[in-house]
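What follows is calculated from the coordinates using simple rules that are stated; it is not laboratory data. Since we're looking at a predicted model, the values are computed, not measured. Every residue, glycine as well, gets a Cβ built from its backbone with ideal geometry; the counts of neighbours run over all protein chains shown.
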Amino acid sequence: MEPLRVHITAYGCQMNRLDAELADDLLRAAGAEIVDDPAEANVLVFLTCSVRAHAENRAFSNIGALAERKTREPDLVVGLVGCTAQQYGPEVWQRAPLVDFICAPGRLADLSDLVREARAGRRSVALDPGRGKEEREAFGESDARIDAVEVRGRRRVGRSRQAFVRAMRGCDMFCSYCVVPNVRGPERSRSPAAVAEEVQRLVDRGVREVTLLGQAVNRYRFEEAGRAWDLADLLEKVAGTPGLRRLRFITSHPKAMTARLASVFRDVPLLCPHLHMPAQSGSDAVLERMNRGYTAAEYAERVAMVREAAPQVAVASDFIVGFPGETREDFEATADLARRMRFASGFVFKYSPRPGTLAAQKYPDDVPQKEKERRHRQLLDLISEIASEENQAFVGRRVEVLVEGLAPRPHLDGGPERGMQKGWKQWRGRTPCHRLVVFDGPPFGGAPFGSEPQGRRQGRPDLAGELVTVRIDRAGPITLFATLLENGS
Ligand code: 5AD
Ligand code: SF4
């Protein structure tokens, strides 16, 4: 049989990006070559997202577009993995008949078996247990298998030397609009020992920045030998990893924000001052229907608590506009919260009714699409304006940046021109507070602008993965433009 050549496409959140890296690790361990060009692959794996209809439709339409190729290449294997697999199960075949296997997020460890079955001409489905009490136990076995893959920390380390590490799986919050509790199952925290071991292994392989992941990661709780660990305890433990330079965690639920966790921002220098804590709405009536479990005033109190402990923390939020029954006044309350909180950044989503969620069952999707779009635009503009004002405070400051790679496209309006004239490249990276920085730096290997050179060439530094010091010259709503001062550490 032809050697395995796999291409992986991931949609959606950081959990999916981590799952894509694990899929890469698992399939390489099974002898596969991972290819960048889908045309060269004989196995196509899609890591799907069901959070909004848009992400789901994109995956289905990209899979659907393979129909002609599948007729030409009947041996081509197409796998649908992740949240959409669990959401629809075998019904996936009604929408995408050419799919060969369907694999839930918790069954990732079965991936190479599923590929093998598909190559032998057999279709298969690997789903997670449901959410009932008895099924909770059943997650244990599949979690243990994927945990063993995660903990060995053997997956490919990107040039930026950043890595995601799972702290928790699943979600028990049941926000009324959200599919996650249905598709990723009940909340399960990993043991502090497993998390710390994985982090150490990744750091030993060159990782400098680790982001601990969980849907509501500040609900982390692990009981062991009479001791209950929370996220603050876990962060303190992981921050002690020799060689680790930066630590982050996402995403936090406002309801689970504690003074103890806020104090970790103050007391643990390695912990980056960035808190992603979605407000979703600023209207108490909407928050109630969303089942978020807090009021706008309580949200503001939690932010104040964090800022009191550590004023340097950049707070970022997500918002949903056009939730069922959201009036103009409700929307104004959201805009008002954004104005008062002065978020460093924010994502705004148009409400998308999702099958199987409480909101889709209970509340008609009654805000017209045009109005959703207007509110979306208006809130984005407001967030940009505030972020831009906040970013001006950085102008003139020296900041440390972890370089992620070359900027994907030149910011001709932003860069100090002199660098460009010397033939320097534009690089991009992140401040500790997660702001995006673009600066000119020494060329690397002479690759065309925007392409990612592979490997280091003699005498030409590759800045990706380096911690450099820059001076901020100019600030926009999203990007800070800077000059390189110190080159690498
Ligand atoms: N419609 C729109 N946005 C949603 N999100 C989650 N579910 C939905 C939905 N049904 C948003 C929330 C969450 C982010 C990851 O996606 O803002 O924080
Ligand atoms: Fe969804 Fe709410 Fe859980 Fe986040 S906290 S994954 S929005 S249910």
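Quick check of the Kirkwood formula: for region 18-86, what is the inverse mean of 1/r over all pairs of different Cα atoms, in Å? The partial results should precede the final answer.
On the way: mean 1/r = 0.0765 Å⁻¹.
After inverting the pairwise mean of 1/r, the radius is 13.1 Å.
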Just the isolated ones, please: cysteines in the chain lacking another cysteine beta carbon under 4.7 angstrom. C13, C49, C83, C103, C171, C272, C433
Region 242-353: spread of alpha-carbon positions along the three principal axes, whole Å, largest first, is 51, 25, 22
Only Lys, Arg (+1) and Asp, Glu (-1) charged, at Cβ; region 332-417 dipole about Cα centre in debye: 320 debye
Name the chymotrypsin sites (Phe, Trp or Tyr not before Pro) in region 88-143 that are in a loop by DSSP and that have at most 11 other C-beta atoms within 10 Å, would you? none
If we restrict to alpha carbons, what Rg and Dmax does the chain come to, in Å? 22.9, 66
Hey, rough spin-label estimate for R152 and K370, points 7 angstrom out along Cα→Cβ, what's it come to in nanometres? 5.8 nm
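Just the Kirkwood number for region 160-255, please: inverse of mean 1/r across all distinct Cα pairs, in Å, one decimal.
Numbers: mean 1/r = 0.0723 Å⁻¹.
The Cα-based Kirkwood calculation yields 13.8 Å.
Of all alpha-carbon pairs in region 374-413, indicate the percentage at a distance above 10 angstrom. Each step should come with its number before you reach the end.
Values: 615 of 780 pairs.
Cα-Cα pairs in region 374-413 separated by more than 10 Å: 79 percent.
Cut-off is 10 Å between beta-carbons; in what order do I386, I320 appear when sorted fewest neighbours first?
Working: I386 19, I320 26.
Least crowded to most crowded, the residues run I386, I320.
Can you put M290, M305 in order of Cβ neighbours within 10 angstrom, beginning with the fewest?
Numbers: M290 22, M305 15.
So the ranking, lowest neighbour count to highest, is M305, M290.
Would you mind ranking Y177, Y351 so that the residue whose beta carbon has the fewest other beta carbons within 10 Å leads the list? Before the final figure, lay out the partial values.
On the way: Y177 24, Y351 21.
Least crowded to most crowded, the residues run Y351, Y177.
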Region 272-326: which GluC sites (Glu not before Pro) are DSSP loop and have at most 14 other beta-carbon atoms within 10 angstrom? none
